[in-house]
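Only one structure is covered here, and it is reproduced in the block below.
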Amino acid sequence: MLDLNQLAEICRTRDYLDASLYRKYEVKKGLRDVDGKGVLAGLTNISTIHSQIMKNGKIISNLGELRYRGININQLVDGFVSERRLGFEEVSYLLLFGSLPTNDQLKNFSTAIGKRRTLPTHFVRDVIMKAPSHNIMNVMARSVLTLGCYDPRADDISIENVLDQSLNLIATFPMLAVYSYHAYNHYAKDESMYIHRPDESLSTAEAILTMLRPDKKYTFQEAQTLDMALVLHMEHGGGNNSTFTTRVVTSSGTDTYSTIAAALGSLKGPRHGGANIKVTQMMEYLKRSITNCDDEDAIRAYLEKVLAKEAFDYQGLIYGMGHAVYAESDPRAEIFKQYVEKLAKEKGSDAYKEFNLYQKVERIAPEVIAQKRKVYKGVSANIDFFSGFVYHMLALPQELYTPMFATARIVGWSAHRIEELVNAQKIIRPAYMEVSEDNSYLQLNER
């Protein structure tokens, strides 16, 4: 019988690489510099993120910037919000096709997404309701691969066909996520199950709330805040882990379903799309650990314990703080916080009190990190710091937090997949340097 504990210890010993080797051979660990700047691996027209800008010949590091197809995210959001419109469909069109849609183009695109919000006959019963799991991301990945079995042109990677497949996935991701949760909630938790078919005229955010809730009801502020979360999570440069996964797998020439299933596997990791759940859990632990949430000294002491691996999950991380690229500000978090506050006010005094607690942690945590850790750049709240709180106010279960991220990011993945197919002629293949010692084969009886 294999002794897995012993074999695992052998793996830990044999596979360990001294961190000094990365410096010795000038290899970028995680394909990043020590300041978080990624190694250039390609070119893209789709989006750009900047942690610093040059102004009058000087570097200004505290102005994080995100652009979709060359348009600053602040300007983009202000555009549709000023007309009291939801933005998911408009911004999806922009990312996929490179320009803002005209009124007719937007109507046609939104109608197409609404009509495509359907699944094959018996798919919900035969796929989603079979083997339900609390891990909705795994169920979604399985569902995506199974959708490939229903597609007679699954392996056709012509741009026309991939675009058709991408639009179908953008439309059906909300259904895969919410229906998968309802199946789990019914079979594992013995709760009621709702399979609501959303009206074709609804936006993506409205469709999600309709499918999720027994009474199908929602307010405009709820829909707007969820829509904003989707827009801000939709795309984040080609270098984020799941988008890079999309491009790597696409470069092999494989099909859309295999590619998106791989991207889902990347996003579900707690270092990527699962961080917002950790923030929510950390904040719940904070509220149980201190008697007065207005006591900033108590909040500071708690965060110091978290950082010292003496509290919460003992990992030494204040979740939702800091980002691989941004320094002093994450523009998504700056925008999103405005809508978090609006929703908290609508929800009442308890929600607004909790929003104030989040603001205190947002302000105090970077100070604690700066005092206790050696940092190479500024630290600020990222969008994950607020998104879990928003989903909680919207009564989304934690099992759907990361699937909501995927429901947004499928647009960015699709845009990058198409761009990779249009331009790439080579499979992506980075190099790894071998640092092992020379060895020789020994016959079995000599070992």
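The values are calculated or read from the model by the stated rules, or taken from the named source; none is laboratory data. Just so we're clear, the structure is a prediction, and the values are computed from it rather than from any experiment. Using ideal geometry, Cβ is built from the backbone for each residue, glycine included, and neighbour counts are taken over all protein chains shown.
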Point to revise | Check on ASN45, surrounded by fewer than 16 Cβ atoms within 10 Å (Cβ to Cβ), at pLDDT 85 or above and not β-branched (Val, Ile, Thr) | key: yes
Taking the stretch 98-124 and the residues there that are of a type in the set (Val, Ile, Thr) and outside any loop (DSSP other than H, G, I, E, B), the one that is surrounded by the fewest Cβ atoms within 10 Å (Cβ to Cβ) would be THR111
In the set THR250, THR243, the lone residue that is buried (at least 23 other Cβ atoms within 10 Å of the Cβ), among the β-branched types (Val, Ile, Thr) and closer than 23 Å to PHE385 by Cα is THR243
Residues of the stretch 139-170 being aliphatic (A, V, I, L, M) and under 20 Å from THR407 (Cβ atoms), in sequence order, are VAL139, MET140, ALA141, VAL144, LEU145, LEU147, VAL162, LEU163, LEU167, LEU169, ILE170
Filtering the stretch 405-427 down to residues that are among the hydrophobic types (A, V, I, L, M, F, W, C) and over 20 Å from GLN165 (Cα atoms) yields ILE427
Residue set LYS107, LYS130, LYS115; condition among the basic types (Lys, Arg), farther than 20 Å from MET211 by Cβ and out of contact with any strand residue (DSSP E or B) (no Cβ under 9 Å at 6 or more places or on another chain); output residue LYS107
The helices (runs of 4 or more DSSP H) lying wholly within the stretch 346-437 that contain at least 3 residues that are touching a Ser or Thr at 6+ places or on another chain (Cβ under 8 Å) and charged (D, E, K, R) are 401-423
Scanning the stretch 18-39 residue by residue, those in a loop (DSSP other than H, G, I, E, B) and at pLDDT 85 or above turn out to be ASP18, ALA19, TYR25, GLU26, VAL27, LYS28
Of the conditions (1) in contact with a strand residue (DSSP E or B) (Cβ under 7 Å, 6 or more places away or on another chain); (2) surrounded by 21 or more Cβ atoms within 10 Å (Cβ to Cβ), the single one that PRO366 does not satisfy is (2)
The lone condition ALA301 fails out of (1) without any contact (Cβ under 8 Å) to a residue 12 or more places away in the chain; (2) under 30 Å from ALA154 (Cβ atoms); (3) of a type outside the set (D, E, K, R) is (2)
Of all helices (runs of 4 or more DSSP H) fully inside the stretch 164-254, the set with 3 or more residues that are assigned by TED's automatic domain parsing to the domain that holds VAL124 and more than 19 Å from the chain's Cα centre (by Cα) is 204-212, 220-233
Screening ALA298, ALA262 for residues that are part of a helix (DSSP H, G or I), assigned by TED's automatic domain parsing to the domain that holds PHE405 and touching a Ser or Thr at 6+ places or on another chain (Cβ under 9 Å) leaves only ALA262
Residue hits (the stretch 118-167; small (Gly, Ala, Ser) and free of Cβ contacts under 8 Å to residues at least 40 places away in the same chain) are ALA131, SER143, SER158
Of the candidates LEU147, LEU86, the one satisfying the condition of being at pLDDT 95 or above, surrounded by 19 or more Cβ atoms within 10 Å (Cβ to Cβ) and assigned to a loop (DSSP other than H, G, I, E, B) is LEU86
